[in-house]
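Q: Here it is: the structure, laid out below.
The values are calculated or read from the model by the stated rules, or taken from the named source; none is laboratory data. Predicted model, so just to flag it, every value in this text is computed and none were measured. Cβ placement follows ideal geometry from the backbone for every residue including glycine, while neighbour counts extend to all protein chains displayed. These accessible areas exclude ligands, DNA and RNA; they are computed on the full protein's heavy atoms, side chains included. Shrake-Rupley method; radii C 1.70, N 1.55, O 1.52, S 1.80 Å.
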Amino acid sequence: MQHGPVVRRRKLGEELRRLRHGAGLTSRDAARLLGWHQSKVSRIETGASGVRPGDVTRLLDAYGVDDAQLRSLLQALVGSAGGGGNGWWHAYRGLIPPQYRDFISLESQAGAARTLETSVVPGLLQTADYARAVTRSSLDGLPPAQLDSLVEVRLARQGVLHARRPLHLSAVLDEAVLRRGVGGPQVMRNQLNHLADVAQLPHVQLQLLPFDAGSYIGLTGPFVIFSFPTISDLDVVVLDHLTSSLYLERREDLEAYSSAFRTMQAHALSPERSLDLIAAVGRGG
């Protein structure tokens, strides 16, 4: 059985092949160094099979790769390519499905993210009460303990905005996100205040698409584009759902969504005017 996005597994294999070539080794050389059959190296590099974290470590050691950031990124991609992973989210593996764990793994290693949201505040910008209200309404009848755990996951994801090398987040939100009464008036007031606070971070750019902007390409639905600091070819569009995600990794998809995001940024309010709109909605305007 194949696990994880096939394209992402193939891209991981391509990067490992590039590193092998850089080390001046043939696949036969690599297999001999590691005591493997040559076919195992070939299957990994073509994406024909998944790869374990320990195997990636051995390959990187054999190729003399000492770039800590690159090693960390490739290890994160092991989870997305079908090999598992042991980030903090691994503790929730019995609660959240593999695709959602893969999403969190990628989010934790991305250098930048561009996100459009048309209905609710993005998970990285939610307060605990807002996250609880959204989760409760989306998964009606969820046992309290599971609800608490899903909220914990949502809040833990926000650590990427406060890391030593924080995620650079560009978010475009439809005005409807501000005006939809999730969780009641007090929850929304606190959420709007939180949005204004997070928007002050130097690595966060928040823009609002006002109602008077009319129709726009993003009305087809929300999405996230992850970009990576070391390997641009690993950039990916993700259609994020509460407990799952769909990956779009073809170059045509990346170009189309990147172009759409630039268009929406151009039609959105400036970050300064967006803060004014948040404040006005908070005052009942």
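Q: What is the one condition in (1) open to solvent by less than 20 Å² (accessible area, probe 1.4 Å); (2) at pLDDT 95 or above that P166 does not satisfy?
A: Looking at each condition in turn, P166 falls short on (1).
Q: Which of the residues that make up region 115-145 are assigned to a helix (DSSP H, G or I) and surrounded by 14 or more Cβ atoms within 10 Å (Cβ to Cβ)? Lay out the reasoning, then the answer.
A: Within region 115-145, the subset assigned to a helix (DSSP H, G or I) is 123-125, 128-138, 144-145.
Answer for region 115-145, where residues must be assigned to a helix (DSSP H, G or I) and surrounded by 14 or more Cβ atoms within 10 Å (Cβ to Cβ): G123, L124, L125, A128, D129, Y130, A131, R132, A133, V134, T135, R136.
Q: Can you tell which of Q205, Q186, Q200 is under 19 Å from A112 (Cα atoms), in contact with a helix residue (DSSP H, G or I) (Cβ under 9 Å, 6 or more places away or on another chain) and loosely packed, with under 15 Cβ neighbours inside 10 Å?
A: Q200
Q: Which residue is nearest to D235 (Cα to Cα), if the candidates are limited to region 245-285 and must be open to solvent by less than 40 Å² (accessible area, probe 1.4 Å) and of a type in the set (D, E)?
A: Ranking the qualifying residues of region 245-285, first place goes to E249.
Q: Still on this structure, I have one more. Restricting region 45-82 to residues that are of a type outside the set (A, V, I, L, M, F, W, C) and at pLDDT below 80, which is most open to solvent (accessible area, probe 1.4 Å)? If you could, list the steps in order and put the result at the bottom.
A: Of region 45-82, the ones of a type outside the set (A, V, I, L, M, F, W, C) are 45-47, 49-50, 52-55, 57-58, 61, 63-64, 66-67, 69, 71-72, 75, 79-80, 82.
Applying the additional criterion that residues be at pLDDT below 80 yields 49-50, 69, 72, 75, 79-80, 82.
Numbers: S49: 34, G50: 41, Q69: 74, S72: 49, Q75: 52, G79: 8, S80: 0, G82: 29 Å².
Of everything passing the filter in region 45-82, Q69 is most open to solvent (accessible area, probe 1.4 Å).
Q: Here's another thing I want to ask about it. Give me a count of the residues in region 153-163 that are open to solvent by less than 20 Å² (accessible area, probe 1.4 Å) and among the aliphatic types (A, V, I, L, M).
A: Number of matching residues: 2.
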